[in-house]
Structure formats: C-alpha cells, structure tokens
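As structure tokens, the structure follows; a few thoughts come after it.
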Amino acid sequence: MHQIVKDLGIDQLSLAERILLVEEIWDSIAAEAEALDIPQSHKDELDRRLAAYHTDPHAGSSWQDVKARLQKPSGGMPC
C-alpha cells in the first residue's frame, strides 16, 4: 500500500467509502478533462484509423464478433 493512502487515512475507510472516494476523484478529473492536452501522435493515430475505416468500412470485426471471440473459454486467443 502506498504511503499516501496511509497518510490520508484512506486505508481506514470501508470498501464502500473507498469506492465513493474513487468516484468523486474520477468525477473531479472528468470535469477538467478539457484541460488535458492530447499528444499529436494520438491525434495522428486516430486520423490514420479513421482514414483506414473510410477506405474499407468492412475490414474490421463487428462488436458482436469481437464479443463472441472474447467470451470463448480460450478468450478467443489461439493456443
């Protein structure tokens, strides 16, 4: 456990209280999300993927296919 957790007394909270704390922290981050800069490399990758989609919209897998593969006992991964 990190020292800050002990210093702030978070380790003394119940599980339910810690979950509520995490939700509050996440909400505070989300409220300021526009202040985060998206790296240019991420923007470039999104542009590349969008262009690939527009070139061939049927090249990928549907969500239903992906979900079915993931729900297989092997996780859809080859042995």
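Charge tally around E17: other residues with Cβ under 15 Å, Lys/Arg +1 each, Asp/Glu -1 each, net -2. The sum of -39500 (n - 2.57) across all DSSP H runs of n ≥ 4, divided by the residue count of the chain, sets its helix-only mean residue ellipticity at 222 nm to -18000 deg cm²/dmol.
Obtain the nm distance between the two label points defined at V66 and A33 by a simple spin-label model: each point lies 7 Å from its Cα along the Cα-to-C-beta direction. The answer from the label model is 1.7 nm. Is the shape of the chain best called rounded, prolate or oblate, per the rule: a/c under 1.5 gives rounded, else a/b larger than b/c gives prolate, else oblate, with a ≥ b ≥ c the square roots of the Cα gyration tensor eigenvalues? The shape class here is oblate.
Each reported figure results from applying straightforward, stated rules to the coordinates on display, with no laboratory input. Source: prediction; values computed, not measured. Cβ atoms come from the backbone with ideal geometry, glycine included; neighbour counts cover every protein chain shown.
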